[in-house]
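Undergrad: Below are the C-alpha cells for one structure; questions will follow.
The values are calculated or read from the model by the stated rules, or taken from the named source; none is laboratory data. This structure is a prediction, so every number in the text was calculated from the model and none was measured. Note: ideal-geometry Cβ built from the backbone for every residue, glycine included; neighbour counts use all protein chains shown. Heads up: the accessible areas ignore ligands, DNA and RNA and are worked out on the full protein's heavy atoms, side chains in. Shrake-Rupley method; radii C 1.70, N 1.55, O 1.52, S 1.80 Å.
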Amino acid sequence: MLRSRFLSVTATSLLVSLGAAAPAVSEPPAATITVTSPAADSVHPVNSSLFVGWRNDTGQEVDVWLAQDDGSGGTRRLFKLASKASSKPTSELVTAVPPAPDGTDYTVEVTAPGTGVRGYSAPFEVGPVPAAGPVVGTSTDSGSGSAGSPGPSPSWVQTQDGHSPR
C-alpha cells in the first residue's frame with residue numbers, strides 16, 4: 001500500500017510541473033508586415049528612385065533591405081536601404097536603387113529587428129528600362145536585317161508612375 005501511494009504522489013507532482021512548464025497550444029504571432037510596393041515585374045535602373053511602401057502591425061521601427069532569390073527557395077540580403085524606418089501602421093520611403101547587377105527576382109524585405117516579423121515585396125527587375133515607346137517598323141536601314149520588325153513589346157513600356165504595366 002505504501003508503494004502505490006508513493007508512485008501516485010510522484011506521478012501527480014510530475015504532471016503538475018509539466019503542465020505549468022509548456023503551453024498546450026502555441027499561437028502564431030499576430031503582428032505582420034506587408035510590403036505593398038514596388039510593383040510586381042517592375043523594372044528599376046541602378047541609381048533611380050525606388051518607392052517602397054508597407055503596412056506594419058508590429059509597432060516597431062523597421063529595416064528595409066534589397067534582397068534577391070538565392071536559387072534554393074530563399075532570399076539573400078544584398079543592401080540595407082534604410083535603418084529604423086517608421087513604425088507607423090502604413091509607411092513609405094523613397095531610396096535609390098544601389099549598384100546591383102542587372103537581373104530579375106529582386107525583392108524588398110521589410111523586417112522588424114528582434115521580432116522575427118518580416119515581409120517581402122513582389123519580385124521585380126534591376127536593369128535598364130526598355131525604350132519609352134513601341135517602334136512601328138519604319139526603318140529604312142536595309143543592312144540591319146530587322147527593317148519592319150516591331151520594337152519592344154508595349155508590355156515593357158514604362159508608365160509614368162515608374163512601374164511596368166506587366
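Undergrad: Within the range 39-76, track down each residue that is among the charged types (D, E, K, R), touching a residue at least 12 places away in the same chain (Cβ under 8 Å) and farther than 24 Å from residue 90 by Cβ.
TA: Answer for the range 39-76, where residues must be among the charged types (D, E, K, R), touching a residue at least 12 places away in the same chain (Cβ under 8 Å) and farther than 24 Å from residue 90 by Cβ: just 69.
Undergrad: Go through the range 81-104 residue by residue and tally those that are assigned to a strand (DSSP E or B) and more than 15 Å from residue 35 (Cβ to Cβ).
TA: 5
Undergrad: Turning to a different aspect of this structure: Looking for something among the polar types (S, T, N, Q), touching a residue at least 24 places away in the same chain (Cβ under 8 Å) and open to solvent by 50 Å² or more (accessible area, probe 1.4 Å) - is there at least one such residue anywhere in the range 91-112?
TA: Within the range 91-112, none of the residues are among the polar types (S, T, N, Q), touching a residue at least 24 places away in the same chain (Cβ under 8 Å) and open to solvent by 50 Å² or more (accessible area, probe 1.4 Å).
Undergrad: For the range 61-85, enumerate the residues that are in contact with an Asp or Glu (Cβ under 7 Å, 6 or more places away or on another chain) and either under 14 Å from residue 121 (Cα atoms) or of a type outside the set (A, V, I, L, M, F, W, C) (or both).
TA: 65, 67, 68, 69, 75, 76, 77, 80, 83, 84
Undergrad: Still on this structure: Hey, can you tell me all the residues within the range 34-80 that are among the charged types (D, E, K, R) and part of a strand (DSSP E or B)?
TA: 55, 63, 69, 76, 77, 80
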